[in-house]
1. Just for the stretch 78-107: of the residues that are outside any helix (DSSP H, G or I) and in contact (Cβ under 8 Å) with a residue 12 or more places away in the chain, which one is surrounded by the fewest Cβ atoms within 10 Å (Cβ to Cβ)?
2. Of all residues in the stretch 32-65, count the ones that are among the small types (Gly, Ala, Ser), touching a Pro at 6+ places or on another chain (Cβ under 7 Å) and closer than 25 Å to residue 82 by Cα.
3. All but one of (1) surrounded by 15 or more Cβ atoms within 10 Å (Cβ to Cβ); (2) at pLDDT below 95; (3) in a helix (DSSP H, G or I) hold for residue 196; state the number of the condition that does not hold.
4. Which of the residues that make up the stretch 147-171 are among the basic types (Lys, Arg) and part of a helix (DSSP H, G or I)?
5. Against the condition within 13 Å of the chain's Cα centre (by Cα) and at pLDDT 95 or above, how does residue 126 come out, does it pass?
6. Residues of the stretch 129-174 being touching a Lys or Arg at 6+ places or on another chain (Cβ under 8 Å) and crowded, with 23+ Cβ neighbours inside 10 Å, which ones?
7. Only residues in the stretch 220-236 that are at pLDDT 75 or above count as the first member; pair them with residues that are in a helix (DSSP H, G or I) and of a type in the set (D, E, K, R), Cβ under 8 angstrom, at least 6 apart or cross-chain, and list the lot.
8. Checking residue 42 against (1) out of contact with any helix residue (DSSP H, G or I) (no Cβ under 7 Å at 6 or more places or on another chain); (2) assigned to a helix (DSSP H, G or I); (3) at pLDDT below 90; (4) among the β-branched types (Val, Ile, Thr), which single condition isn't satisfied?
Amino acid sequence: MNQFIHNIMENVTFVLEFLGIVAVLAVAALTAEKLIAKRNGITEKAITTRKTAMIGMFSAVAGIMMLLELPMPFAPSFYKIDPSELPVLLCGFAFGPLAGVLTEFVKIIVKLLFKPTSTAFVGELANFCVGCSMILPATVLYHIRKKKTTAIAGCVVGTLVMTIFGTLFNAVYLLPAFARMYGMPMEALIGMGTAINANVTGVFSFVAFCVAPLNLIKGCAVSVLTFVLYKPLSPILKASYSETVKKAA
């Protein structure tokens with residue numbers, strides 16, 4: 001905990017920017033949720049006590065799963081894949097886009113309590129933004145009409161958005177940020193990609209051959225596991241959801 005607070009104090013400006021991004025995405029998710037509720041004739045609160053408890057539970061699971069990092073053979077060692085978007089997507093499907101964004105954020109806090117940042121919060125911001133780029137479109141599409149086909153469409157769109165956004169985000173922001181942080185030229189980072197794949201010759205070939213496949217694999221894996229797990233969990237989640245609606249009525 002002391003290390004967590006120390007890291008925040010050392011990077012207070014960046015943390016405030018991070019919180020600003022969280023607020024913007026939360027407002028976007030809330031707006032989408034209200035529009036969907038109005039379209040479907042649903043009158044319920046966006047956040048209730050029970051929904052908050054479920055967000056906390058899924059966030060705790062996601063935060064722990066974020067520690068399970070797996071390196072990919074086609075990317076440098078500082079790129080790893082983790083399954084933490086799985087509980088986030090399950091929560092978003094069950095309770096809406098806002099719940100998904102909040103779970104994505106709280107999971108970062110949970111992870112930081114177990115493992116302090118080693119990237120001055122840059123890696124955590126990347127995980128949050130890239131994760132939301134999948135969770136938001138997937139959950140919005142699903143909640144417009146809750147059917148198996150829209151769930152599949154949501155996961156496909158979410159995976160594609162995450163792959164495209166994550167690739168561009170790395171090229172424009174993350175790679176330059178890591179280069180500044182570690183005091184090394186961009187050429188050195190690109191060279192790490194070239195050592196794995198000779199086709200990597202610049203920033204955009206780096207993200208095309210190293211980053212895009214990583215996000216695509218993660219999105220596909222999370223989508224498949226969501227479909228495997230959501231049906232067995234749905235009786236519990238729907239019961240919780242029904243009680244939430246009754247209490248809000």
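The values are calculated or read from the model by the stated rules, or taken from the named source; none is laboratory data. In this text the structure is predicted, and so the values were computed from the model without any measurement. Every residue, glycine among them, receives a Cβ derived from its backbone with ideal geometry; neighbour counts consider all protein chains shown.
1. Applying the filter and picking the extreme gives 78.
2. Of all residues in the stretch 32-65, those among the small types (Gly, Ala, Ser) come to 32, 37, 41, 46, 53, 56, 59-60, 62-63.
If we keep only those that are touching a Pro at 6+ places or on another chain (Cβ under 7 Å) too, we end up with 32, 62.
Filter once more, keeping what is closer than 25 Å to residue 82 by Cα: 62.
Selection size over the stretch 32-65: 1.
3. (3)
4. Taking the stretch 147-171 first, the residues among the basic types (Lys, Arg) are 147-148.
Residue satisfying the conditions is 148 alone.
5. Judged against the criteria, residue 126 is not a match.
6. Of everything in the stretch 129-174, just one residue is touching a Lys or Arg at 6+ places or on another chain (Cβ under 8 Å) and crowded, with 23+ Cβ neighbours inside 10 Å, namely 162.
7. Within 8 Å, the pairs are 222/85.
8. Unmet for residue 42, out of (1) out of contact with any helix residue (DSSP H, G or I) (no Cβ under 7 Å at 6 or more places or on another chain); (2) assigned to a helix (DSSP H, G or I); (3) at pLDDT below 90; (4) among the β-branched types (Val, Ile, Thr): (2).
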